[in-house]
Amino acid sequence: MIIAKTIDHTREAVNAAKRKGKSIGFVPTMGALHDGHLSLVRRAKRDTDFVVASIFVNPAQFGPGEDLKKYPRPFGKDKTLLIKEGVDLLFFPGAGEIYAADFSTYVEERCLSKPLCGASRPGHFNGVCTVVAKLFNIIRPNTAYFGAKDYQQLQVIKRMARDLNFSVKIEAMPIVREPDGLAMSSRNAYLNREERRNALCLDIALREAKRAVDAGVRESGQVISLMKTIVLSHKNAKIDYIEIMDADSLTSVEKMNGKVLIALAVVVGKTRLIDNLVIKIPTR
Ligand code: PAF
């Protein structure tokens, strides 16, 4: 695996692969890799000829008081995992390589980025869009892979790629869960043993929501109340949001119909976790 710390080195290696007629698959990450990330890498290996992963803890997507400093950075372990998966190139830049001291240009998506995490974390999606746009420009992949746990991020990036004419296919991969249901996240590493147990409230609330929908409930308010009760019955769990939305437009729906997103963000102890479920309800 080539490890490139500079944009020039990355471009040279990618261009060499392109000259040989290889298609480029790209998996952007912030490191602290888990099986969710590896599922993206495996899919990229299956679909494309030359797989690039990036590890960059992007300061622009963290707000003041968020976990930028303590975000896990187990580089040695990540590198071993990526080598084992057969990644061809790891782009591992420092912050100065990505953001010049006088950096002043940002990418803003103005619609899908506003509710949910965008409302709780102002500026977060500007940071995500900016870094992903830069990574797309540096790597120029044919296909880029993103996990559905960050459902809103996925929709925002798809919209950005469409609106700004990036010629990259965005491939979404399903949420990968621990055996007990907790969605895999690099932030799960922050949880102590008791918090880890209580973190199951997200998955339990989603499964109960699904059960209610399967039983015929269509009122979003009713499902949200049920989910709130479940989450709040867990110690040290505080709700950031629980929302039911049209899965394409990310606008709230009172009555569930068609393709619906049920999304929640919960702070367990000091750790903010997100999870979601997309349900297709047959239109009558
Ligand atoms: O999902 C992530 O890990 C990050 O938001 C991403 C897409 C790598 C951009 O920093």
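Exactly one residue among ASP203, ASP163 is away from the ligand (no atom under 16 Å from the Cβ) and touching an Asp or Glu at 6+ places or on another chain (Cβ under 7 Å), and that residue is ASP203.
Entry remark, the range 71-96: residues being touching a strand residue (DSSP E or B) at 6+ places or on another chain (Cβ under 7 Å) and of a type in the set (A, V, I, L, M) number 4 in total.
Within the range 102-115, the set of residues being open to solvent by less than 50 Å² (accessible area, probe 1.4 Å) and within 14 Å of the ligand (Cβ to nearest atom) comprises VAL107, GLU109, SER113. Within the range 5-17, being of a type outside the set (Ser, Thr, Tyr), surrounded by fewer than 21 Cβ atoms within 10 Å (Cβ to Cβ) and in contact (Cβ under 8 Å) with a residue 40 or more places away in the chain holds for LYS5, ILE7, ARG11, ALA13, ALA17.
With respect to the conditions (1) buried (at least 20 other Cβ atoms within 10 Å of the Cβ); (2) outside any strand (DSSP E or B); (3) within 13 Å of the ligand (Cβ to nearest atom), VAL57 lacks only one, and its number is (1). Within the range 162-185, the set of residues being assigned to a loop (DSSP other than H, G, I, E, B), open to solvent by less than 30 Å² (accessible area, probe 1.4 Å) and not polar (S, T, N, Q) comprises VAL168, GLY181, LEU182, MET184.
For the range 136-159, which residues satisfy the criterion of being closer than 25 Å to ASP8 by Cα, open to solvent by less than 10 Å² (accessible area, probe 1.4 Å), part of a helix (DSSP H, G or I) and not β-branched (Val, Ile, Thr)? The one that is closer than 25 Å to ASP8 by Cα, open to solvent by less than 10 Å² (accessible area, probe 1.4 Å), part of a helix (DSSP H, G or I) and not β-branched (Val, Ile, Thr): PHE136.
Among the conditions (1) away from the ligand (no atom under 14 Å from the Cβ); (2) over 25 Å from VAL41 (Cβ atoms); (3) of a type in the set (D, E, K, R); (4) touching a residue at least 24 places away in the same chain (Cβ under 8 Å), the only one that ARG193 does not satisfy is (4). Restricting GLY86, GLY25 to residues that are more than 13 Å from the ligand (Cβ to nearest atom), surrounded by 19 or more Cβ atoms within 10 Å (Cβ to Cβ) and outside any helix (DSSP H, G or I) narrows the list to GLY25. Only one of the numbered conditions (1) open to solvent by 50 Å² or more (accessible area, probe 1.4 Å); (2) in a loop (DSSP other than H, G, I, E, B) is violated by ALA119, and that is (2). Number of residues in the range 28-54 that are open to solvent by 20 Å² or more (accessible area, probe 1.4 Å), assigned to a helix (DSSP H, G or I) and within 11 Å of the ligand (Cβ to nearest atom): the value is 1.
The values are calculated or read from the model by the stated rules, or taken from the named source; none is laboratory data. Since we're looking at a predicted model, the values are computed, not measured. Cβ sites come from the backbone with ideal geometry, for glycine too, and all protein chains shown count toward neighbours. Areas reflect the complete protein model, heavy atoms only, side chains present, ligands, DNA and RNA absent. Shrake-Rupley method; radii C 1.70, N 1.55, O 1.52, S 1.80 Å.
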